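Quick notes on the structure that follows.
The values are calculated or read from the model by the stated rules, or taken from the named source; none is laboratory data. The shown structure was predicted, so the numbers you read here are calculated from the model rather than taken from an experiment. Every residue, glycine as well, gets a Cβ built from its backbone with ideal geometry; the counts of neighbours run over all protein chains shown.
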Amino acid sequence: MRILYPRALTRRPARRPIRILVALLLTGVLSACATTPLIQPPTHVILPTTERNQVVASLKYWQASGQAALSTPKTSEDFGFRWKQSPRHQELSIYDALGRTVARIEADPQGAHLQLANGETRQADNLGALLALVLHVDLPASELPDWILGLRNATATEQLNPDGLPEVLHSGPWQIHYLQYAPIGGLTMPKLLQATGPEGITLRLAITQWRMGGHSAP
């Protein structure tokens, strides 16, 4: 497997304040401006898991960046990534070791578009088809946003850690292990996760930056 490079190329607060904080967070997530880190409750407040899940599941606009390692029994590859999500648009950028953009995939209800660093383009019905073209493995692209957010979708089962957050998700042939979380503006978000799937595929994501809220992000 190789990436397709272009050829030329606490004290827990009382319940009522928590409910108020959740309401404020949800309001900020849906309406705040694009250029500010939007979820910023007091730094000493970390939402309990139930409220955290409510806020995270309600996110309309978010972005996660970091490093990825993808391996099969025969090959392995490291690369940088940035996933941007909004209600009708997804964007996945893949970077080489020097931070140069190798590929950018954008998807909306009309289809998906891939652009390579040398200007070549491809079209497909969905993001997953183009991601397979770039990475040479089949990943469940439609599930990746939930994996990144640490949310269980309707078809997955979960094993929880002592804090009530997912420790292992089981989704079809895939198992997603959450190895580390980090507090991000009052929310406990995944920092390190590893997904193992069929044919010995392993995907490891280290998320180094989160942005949440707003109508777009640069």
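The residues on offer are 179, 127, 131, 151, and the sole one that is hydrophobic (A, V, I, L, M, F, W, C) and either under 13 Å from the mean Cα position of the chain (by Cα) or closer than 16 Å to residue 53 by Cα (or both) is 151. Scanning segment 62-83 for residues that are among the polar types (S, T, N, Q) and either exposed (fewer than 14 other Cβ atoms within 10 Å of the Cβ) or closer than 17 Å to residue 101 by Cβ (or both) gives 63, 65, 67, 75, 76.
Return the residues of segment 154-187 that are surrounded by fewer than 18 Cβ atoms within 10 Å (Cβ to Cβ), touching a helix residue (DSSP H, G or I) at 6+ places or on another chain (Cβ under 8 Å) and within 20 Å of residue 212 (Cα to Cα); say none if nothing qualifies. Answer for segment 154-187, where residues must be surrounded by fewer than 18 Cβ atoms within 10 Å (Cβ to Cβ), touching a helix residue (DSSP H, G or I) at 6+ places or on another chain (Cβ under 8 Å) and within 20 Å of residue 212 (Cα to Cα): just 165. In segment 99-119, which residues are of a type in the set (A, V, I, L, M) and either at pLDDT 95 or above or buried (at least 19 other Cβ atoms within 10 Å of the Cβ) (or both)? Once the filter is applied, which keeps residues that are of a type in the set (A, V, I, L, M) and either at pLDDT 95 or above or buried (at least 19 other Cβ atoms within 10 Å of the Cβ) (or both), segment 99-119 yields 102, 103, 105, 107, 112, 114, 116. Between 21, 59, the distinction of being part of a loop (DSSP other than H, G, I, E, B), modelled with pLDDT under 95, surrounded by 15 or more Cβ atoms within 10 Å (Cβ to Cβ) and in contact with a Leu (Cβ under 9 Å, 6 or more places away or on another chain) belongs to 59 only. Here residue 148 meets the list (1) assigned to a strand (DSSP E or B); (2) under 18 Å from residue 80 (Cβ atoms); (3) of a type in the set (A, V, I, L, M, F, W, C) almost entirely, failing just condition (1).
In segment 199-216, is there at least one residue being in contact with a strand residue (DSSP E or B) (Cβ under 6 Å, 6 or more places away or on another chain) and outside any strand (DSSP E or B)? Among the residues of segment 199-216, not one is in contact with a strand residue (DSSP E or B) (Cβ under 6 Å, 6 or more places away or on another chain) and outside any strand (DSSP E or B), which makes the answer no.
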